[in-house]
Every structure is written in C-alpha cells, then in structure tokens.
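To start, the structure itself, in structure tokens.
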Amino acid sequence: MKINKIFLLPLLMLPLLMASCDENEQFRGELYKKVIYLLSDDDYTFDNEHALGEQSMGYVTVYCGGTQHIDKDVTVVLEHDPDAVYEYNYMYYDIDESRYAHELDPDKYSIASYQTVLKASSEDNYSLLPISINPDGLSPDSIYFIPLRIKSVSDYEVNPEKQRVLYRVLLKNDYATMASTTYYQVTGTETRLLGEENSASGISVTRIFAPLSKNQVRCFAGTHTYNPSNVSKSEIDSYAMTLTIAADNSITITPFGNLEVEMLGGSDDNFCSINKRGRYVFNLHYRFKETVNGESIWIEMKESCVQRI
C-alpha cells in the first residue's frame with residue numbers, strides 16, 4: 001500500500017502542474033499581446049491647451065500596448081464619433097442641460113488626415129494624429145470636444161475600452177488658462193458711495209480670471225467670487241467685467257454682461273505689469289452699481305490683483 005501511495009502522488013500533482021503551465025502560458029500571451037488604443041483619461045477625455053489669437057496644433061495619440069515592439073507598420077484610421085458627446089453628457093450631467101459639453105464646431109478645427117501609422121522602424125510605440133485648432137470665439141464657461149474613435153487597424157487588435165477619445169479644447173492667454181483655475185489675490189479699498197456717509201474699507205479677496213481672447217480676461221467686480229464648476233449664467237451676467245489689455249499695458253474696463261461698471265482714473269490707475277517674481281499684476285480703479293438693502297448704490301474699487309501660481 002505504501003508503494004502505491006508513492007506512485008499515486010505524482011499522478012495527483014500532474015493536473016496541478018499542467019494548470020500552472022496553462023496559466024503561465026496565458027500570462028505570457030497577455031504580456032506580449034499587441035493591442036491598439038487611444039490615449040485618454042478614464043472618462044475618455046484628453047485635454048489640451050490652445051492659445052487664443054492664433055491657430056495651433058493639437059494631437060491625438062495612438063498607442064500599441066505590449067512588452068515587445070511592433071514588428072510591422074500598423075495603419076490606424078480614426079473617424080468622427082457622433083455618440084460620444086451625448087453619452088458623456090448623459091453619464092455626468094443627466095438632465096442638467098445647462099452643463100452639457102458641446103461638440104466643437106467643424107469651422108473651429110481641421111484634420112488633414114484621419115489616418116496615422118505606427119512605424120516598426122520607430123523607437124516609439126505610438127503615433128500622433130494632428131488637429132489644427134482655431135479657439136477664438138469660444139467661451140471659457142463651456143466644454144468643447146472633438147469626438148473620435150478607431151475605425152480600423154491594419155493589424156493586431158483594438159482595445160474596446162480605449163477605442164474612443166473626446167479631445168477637449170482648453171483656452172489660454174498670457175494672463176489666464178482653463179487648464180487649471182487661474183487665481184489672483186486682490187487687495188485694495190472698497191468705498192460705498194452714500195453721499196455724505198461714504199463708507200471705505202480695506203479688502204482682501206481671491207478672484208478668478210478667465211481667458212476671453214488674446215488680450216482680454218474676465219473677472220467679477222468687487223468682492224464677488226464664484227466656483228467655476230457651478231457658476232450660473234445669471235451670476236456672470238450680473239457681476240462680470242471684461243479687462244482689455246492694450247499694447248502699452250493700459251487696461252480698459254467694460255461690462256461683460258449686464259453689470260453697470262465705469263472705469264475711473266484712466267491709464268494711470270488701470271494698467272498691467274509684471275512683478276519681480278514674474279507674475280502679472282492688474283492695477284484697477286473703477287466703480288460698479290449694486291443693490292444693497294433694496295437701494296441701488298455705486299461701489300468704488302481701487303485694487304491690485306496679483307497672479308497666483
């Protein structure tokens with residue numbers, strides 16, 4: 001009986017060894033498997049900044065995954081993905097249409113070719129598909145996507161989880177960007193013009209600047225502020241003003257929406273400069289009208305806005 005048990009043990013272990021070999025083979029197969037996919041975040045978006053006032057290039061990146069380099073050229077063809085923006089809005093905003101992302105107008109971009117080639121002769125495992133973007137006229141309050149997906153590949157497989165991309169156009173100029181919220185630290189004096197009972201006080205507030213054009217930014221007047229993720233159109237119309245920076249760095253203040261605002265002091269009080277730390281400084285002098293305790297009054301502001309980085 002002991003002899004039989006000794007011979008039986010290897011026989012019992014044989015299936016386990018075979019299973020282990022199968023698992024190793026499967027692991028090696030997955031490790032060396034070449035899969036084509038588009039570079040994006042988990043929500044299929046890929047963000048890229050574009051400077052206002054100029055035509056600029058952006059790129060969609062096509063990758064080939066796997067531990068070994070491709071041994072042949074792979075042609076990848078992309079196409080417009082009309083359902084991607086709809087699905088993104090439904091997933092993240094449901095019925096809140098006021099926050100919906102927009103598909104970028106075809107007049108604002110061009111793609112010379114929807115085809116790109118992963119080269120076996122290249123050291124890289126990726127290739128780029130160029131997109132020419134004209135961002136002028138876009139709003140800093142909206143999300144703009146170019147929706148694309150893989151249409152075909154000449155070889156290997158496509159990763160079904162990464163076969164689409166929502167290329168997002170982010171605006172920027174010298175003074176502000178949409179890639180991250182641009183804050184300026186504001187200090188100065190606020191004076192409520194109440195006739196003989198004018199009330200002046202010092203202020204210190206953090207203000208958001210948003211890019212509008214190559215030489216324009218938008219911010220809220222006075223001590224009003226907002227959260228970019230949930231600011232309403234009504235708030236923007238009520239409190240926002242436009243700062244236009246001239247070639248000589250003088251600033252002109254105008255209403256962005258319905259705000260009643262007037263610039264005071266001319267270019268001596270309203271100008272842009274760069275401090276010793278390389279940060280932009282906006283010196284502003286203006287007044288705006290606001291309803292306080294049911295009464296419409298002028299509020300005069302003299303302030304310095306220093307860019308925070």
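Laboratory data are not the source of any read-out in this text; all were calculated from the coordinates shown. Predicted model, so just to flag it, every value in this text is computed and none were measured. Please note: Cβ atoms are built from the backbone with ideal geometry, for glycine as well, and neighbour counts cover all protein chains shown.
Observations, loosely collected:
- Take the Cα of LEU39, step 7 Å toward its Cβ, do the same at GLU161, and the gap between the two points is 2.0 nm.
- Estimated 222 nm signal from helices in the chain, with DSSP H stretches of n ≥ 4 weighted -39500 (n - 2.57), rounded to 500: -5000 deg cm²/dmol
- For region 197-309, diffusion coefficient by Stokes-Einstein and Kirkwood Rh (Cα), 4 °C, 1.567 mPa s, µm²/s: 88
- Where only C-alpha atoms are counted, convex hull volume of region 115-216 per residue in Å³: 186
- Its Cα gyration tensor gives the chain an equivalent ellipsoid; the semi-axes, largest first and in whole Å, are 57, 24, 18.
- More than 24 Å apart - percent of Cα-Cα pairs taken over region 34-172: 33
- Residue exposure sequence - ASP155, ASP43, ASP81 - by fewest surrounding Cβ within 10 Å: ASP43, ASP155, ASP81
- Legend: ranking of residues TYR286, TYR109, TYR92, TYR100 from fewest to most surrounding C-beta atoms inside 10 Å; resulting order TYR92, TYR100, TYR109, TYR286.
- Listed by chain and number, the aspartates and glutamates placed with their C-alpha closer than 19 angstrom to that of LYS108 are ASP47, GLU49, GLU54, GLU79, ASP81, ASP136, ASP141; residues fewer than eight positions away on the same chain are left out.
- Residue-by-residue Karplus 3J(HN,Hα) for region 254-261, coefficients 6.51, -1.76, 1.60, Hz, glycine and proline x: 9, x, 7, x, 9, 4, 8, 9
- Cross-link partners for LYS276 among the lysines, with Cα-Cα distance under 24 Å and sequence neighbours closer than 8 places in the same chain left out: LYS172, LYS214, LYS302.
- The ranking of THR242, THR206 by Cβ neighbour count inside 10 Å, starting from the fewest, reads THR206, THR242.
- Computed E for SER273/ASP124 - FRET, C-beta separation, R0 45 angstrom, nearest 0.05: 0.55
- Loop-located GluC sites (Glu not before Pro) in region 110-216 whose Cβ has at most 11 other Cβ within 10 Å (DSSP): GLU123
- Here the label points at VAL77 and SER139, each 7 Å from Cα along the C-beta direction, are separated by 3.7 nm in the simple model.
- Helix axis angle, 84-93 relative to the chain longest principal axis, alpha carbon, degrees: 70
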